[in-house]
Protein chains: 2
Amino acid sequence: MMAGMDAISAKLDRTNTGSLASQLTDRLVGAIASGEIVLGTRLPSERQLAVTLGVSRTTVMAAYRELEARGLVRGQVGRGTFVVGGTEPGPDQPAFAWQGKLAHGARRFLDPGLHRIINVADRGAVVLSINRPALDIFPVETFRQVTDHVLRQHAGAALGLSPIEGDPGLRAEIAARHGTEPGQVMIISGTQQGLDLVTRCLLDPGDVVVMDRPGYFGAIQTFRSAGATLVGWDIERGGAEELETLLVRYAPKFIYTNPTFQNPTGRTMSLPTRRELLRLARLHRIPIIEDDPYRELPFHGTPASPPTLRELDDAGIVIHLRSASKVLALGLRLGWLLAPEPILQQLALVRLRTDISSPGLTQLIVRELMTGGHYDRHVAALRREHRRRYEAMAAALQRHLPPCSATWAPPTGGLHLWVRLTTPDGMPLDAERIQRDAAAAGVLIIAGAPFHPDGGGAHSIRLCFAGLPPDHLEVAIARLGRVVRAAIADNAVPSATVALV
Amino acid sequence: MMAGMDAISAKLDRTNTGSLASQLTDRLVGAIASGEIVLGTRLPSERQLAVTLGVSRTTVMAAYRELEARGLVRGQVGRGTFVVGGTEPGPDQPAFAWQGKLAHGARRFLDPGLHRIINVADRGAVVLSINRPALDIFPVETFRQVTDHVLRQHAGAALGLSPIEGDPGLRAEIAARHGTEPGQVMIISGTQQGLDLVTRCLLDPGDVVVMDRPGYFGAIQTFRSAGATLVGWDIERGGAEELETLLVRYAPKFIYTNPTFQNPTGRTMSLPTRRELLRLARLHRIPIIEDDPYRELPFHGTPASPPTLRELDDAGIVIHLRSASKVLALGLRLGWLLAPEPILQQLALVRLRTDISSPGLTQLIVRELMTGGHYDRHVAALRREHRRRYEAMAAALQRHLPPCSATWAPPTGGLHLWVRLTTPDGMPLDAERIQRDAAAAGVLIIAGAPFHPDGGGAHSIRLCFAGLPPDHLEVAIARLGRVVRAAIADNAVPSATVALV
């Protein structure tokens, strides 16, 4: 902004008949008119220019006042004097620097990892990286008929603006399914939006969140982008003992957990751990965000999963998130949230600043699918099919990967598998490398690091099995097997040997 | 949290044979066991309790260590010592205090005014408060057929997860309509979401936004909830001269404007003002958020509205927001955003943390409506119908309100009217009172104050005419007329008289 200053910094002519102030005025007018000083330039301070020119500050002040009177500059207390008339910057000016305008919060959104996962560029690859239900057995024809019915019978509600908290009929249906009041139900545009609303409602920069380690990377990135510090809780190894230490030590704003068919481990939190978690949360007055999108998708009906944290909660400290997208179809962008009314109303106020409410059409279709029994029939079909797919993937892993190279805790439901990769003699493999090589071989998977709020996961991968039929899974795991074999082969060469070759 | 302290603050017995430390330990154990000190209580600091009891700090420390060893308390550096064993708080404990957990940002969302406007409680009232197109002439049958076609032909894309930036086909169609590249188009869940994304991407607390005064209250509340300071720009009275002063003085993060059929004034920014705005914004390197949801809804084809700021922009500093909801149906929750790719990609990263992407079904329906010509045909029909409704409302205002009591600048398009209310001899009326009385009379309108980023609007109301047929408008304005007459009558009584009665 100080370009063009050469044009005015030469000493003034004290033998000139004009006053120093008018000489300076003329010089500045000329420099502005010629484009030597362009629009938007901040002129030197009066004091600074006076020193440069060896004149009094009054002289400079008089010149600036004259320029201001002529509409060429404008002074601003505390910011300086700016050129506001004259020549515009030329067309060779560089492109507008949007990067410089980004908010601090937005700079925390910079990790494009998930972006790449969602926007799968290579549509030819087999996608084991997206957590999704079996869309290929989705009852499209029923969906079409239900949609048609909704538009014939309820066009007004389908096309008009829904209340922020959701269509009253859908809220009532979901409330009935949960044995709660409609006032505790809010329809959301997917559980990711639920996490976003909760984050905006509860988290300040610097707040601590205690969460599953490993845990859902979308949650990790959302909390982090709000400036929160994440502390991992290892439910399996640390248990309630570790949790209590974390609660006392960090006084977190909330506890986040995905207790059923957890993403990424597939594990389900036991009833005693659930009870202990609730006891401690209540004791320390710390809310729990229970992210439960896979709840409806066990492989078998029995043994049933333990009750939800919300069902066990008698203190009103749980916000419970559910997904219709993860059950029916990702593209629906619909879920729901159960929460005590005071916090639900706060979440609605935040929601009002985003997409206001979910589309009426989608809400009415889901309501109709639920009340007509289609939803539950499809869930039953999904459970059988997902089990078949899990078994196909597990068999393929045993067939195509070297013995003992892939180990996992068998999930009893959900959409994915969490696999630890080692050499047959137990040396851990580099999951990032496997992810890279697998992508090159046409299989998209996610290595474990992004699932760890505070480091770890270097030797695990998440494999989503539910979205693809067994023959596709077979192809994908065969390719993955070759990738793992190659990694093991490289691993087997002692690094000393490599250095000698 | 310091309840139960009476139980331990009595002086210790120095004649007792046990050490002071073990006496204190026993006392604390007893108080915890009896429930006098409940779980979660923070004990006094060692120093504090030592002073209270008149013992050395070492004594207290020894007692606390003993309790810790027995698992009854846990000390945390910097936070104190907490009771972690013993009796749980009773069931008479008050409900969980969610309010105390709210983030600072969420506290700025507290104004429930817009919430009340969207969630209209009294469905019997005539609603002139929601800005919406004529849904009653919406081609429901065409929409139904198009939806059916989409689900028959493109079920996969309709139900699968859309890319974050939107369905490629819809982006291409919109890009073609704007003569731009699909990479500069992002599909959003309504313009309100666009404002939210822009806010999260660009605004830090303390940033300044220069915006239309009066201007869209949703924008005001969104910017404010991000902690921004809003500075109003009076486009009509202040013009470019005022804008330049504001830009120099406040160095805003961006300029927000709704230049065409503005909400609430209905005014359209002239071409010279648009040029001057762009020149100044470019000069001062300040981006412009051009909110243009009513762009497609002029009453007449000629004279055409001036080009958009984006069309006039040669420096890549404009983010342009458009709405399909405001054109087709509010419940669609769909719009689009045009922006230079670098900032569009940033907006997509923020979007990924909210609803990820808009539902595939809605996107494909809108694409089909556009490519099939239905969209443009409906827009043409809306323009005729909205004009008819505006004229009906204008005529009703002239018929039912006292002469000269309602004045407005006739809009040439859009969905609403901005009316200044006075007594026939020019004394301004209290718009808040009119809003209140009108609601009591079964007509919902919005008084002007929330449209003012920095005060004002006390005598204006916004009337949305497009959503209702002429006979409904007639009924509503007749009621409003009675309300205004009553207000004028009250106004005519000198307050001195009132005091004497």
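Okay, here's what the table says:
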{"quantity": "Leading residue by the ranking (farthest from residue B:398 (Cα to Cα)) among those in the stretch B:434-477 that are open to solvent by 20 Å² or more (accessible area, probe 1.4 Å) and small (Gly, Ala, Ser)", "calculated": "B:455"}
{"quantity": "Odd one out for residue B:383 among (1) away from every other protein chain (no Cβ under 14 Å); (2) touching a Ser or Thr at 6+ places or on another chain (Cβ under 9 Å)", "calculated": "(2)"}
{"quantity": "Number of positions in the stretch B:32-58 that are under 13 Å from residue B:9 (Cβ atoms) and at pLDDT below 85", "calculated": "2"}
{"quantity": "Residues satisfying the stated conditions in the stretch B:25-40, i.e. outside any loop (DSSP other than H, G, I, E, B) and either closer than 21 Å to residue B:58 by Cβ or open to solvent by less than 10 Å² (accessible area, probe 1.4 Å) (or both)", "calculated": "B:25, B:26, B:27, B:28, B:29, B:31, B:32"}
{"quantity": "Residues of the stretch A:167-202 classified as open to solvent by less than 10 Å² (accessible area, probe 1.4 Å) and closer than 30 Å to residue A:103 by Cβ, total", "calculated": "15"}
{"quantity": "Scope the stretch B:311-326; condition within 21 Å of the chain's Cα centre (by Cα) and either at pLDDT below 95 or not hydrophobic (A, V, I, L, M, F, W, C) (or both); matching residues", "calculated": "B:320, B:322, B:323, B:325, B:326"}
{"quantity": "Selection from the stretch B:204-227 of residues that are open to solvent by 10 Å² or more (accessible area, probe 1.4 Å) and assigned to a loop (DSSP other than H, G, I, E, B)", "calculated": "B:204, B:205, B:206, B:207, B:213, B:214, B:216, B:226, B:227"}
{"quantity": "Flag if residue B:144 is over 30 Å from residue B:243 (Cα atoms) and charged (D, E, K, R)", "calculated": "yes"}
{"quantity": "Residue match in the stretch B:271-283 (condition: within 14 Å of chain A (Cβ to nearest Cβ), over 22 Å from residue B:386 (Cβ atoms), in contact with a Phe, Trp or Tyr (Cβ under 7 Å, 6 or more places away or on another chain) and surrounded by 24 or more Cβ atoms within 10 Å (Cβ to Cβ))", "calculated": "no"}
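Every residue, every condition in (1) touching a strand residue (DSSP E or B) at 6+ places or on another chain (Cβ under 6 Å); (2) assigned to a loop (DSSP other than H, G, I, E, B); (3) within 10 Å of chain A (Cβ to nearest Cβ), yes or no:
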{"site": "B:151", "(1), (2), (3)": "no, no, yes"}
{"site": "B:156", "(1), (2), (3)": "no, no, yes"}
{"site": "B:165", "(1), (2), (3)": "yes, yes, yes"}
{"site": "B:169", "(1), (2), (3)": "no, no, no"}
{"site": "B:173", "(1), (2), (3)": "no, no, no"}
{"site": "B:187", "(1), (2), (3)": "yes, no, no"}
{"site": "B:195", "(1), (2), (3)": "no, no, yes"}
{"site": "B:199", "(1), (2), (3)": "no, no, yes"}
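The rows are residues; the columns are (1) out of contact with any Lys or Arg (no Cβ under 8 Å at 6 or more places or on another chain); (2) open to solvent by less than 10 Å² (accessible area, probe 1.4 Å); (3) more than 10 Å from every other protein chain (Cβ to nearest Cβ); (4) not in a helix (DSSP H, G or I).
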{"position": "A:245", "(1), (2), (3), (4)": "no, no, no, no"}
{"position": "A:256", "(1), (2), (3), (4)": "yes, yes, yes, yes"}
{"position": "A:259", "(1), (2), (3), (4)": "no, yes, yes, yes"}
{"position": "A:266", "(1), (2), (3), (4)": "yes, yes, yes, yes"}
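The values are calculated or read from the model by the stated rules, or taken from the named source; none is laboratory data. Being a predicted model, the structure only gives us computed values, none of them experimental. With ideal geometry, Cβ positions are generated from the backbone for all residues, glycine too; neighbour counts draw on all protein chains shown. Heads up: the accessible areas ignore ligands, DNA and RNA and are worked out on the full protein's heavy atoms, side chains in. Shrake-Rupley method; radii C 1.70, N 1.55, O 1.52, S 1.80 Å.
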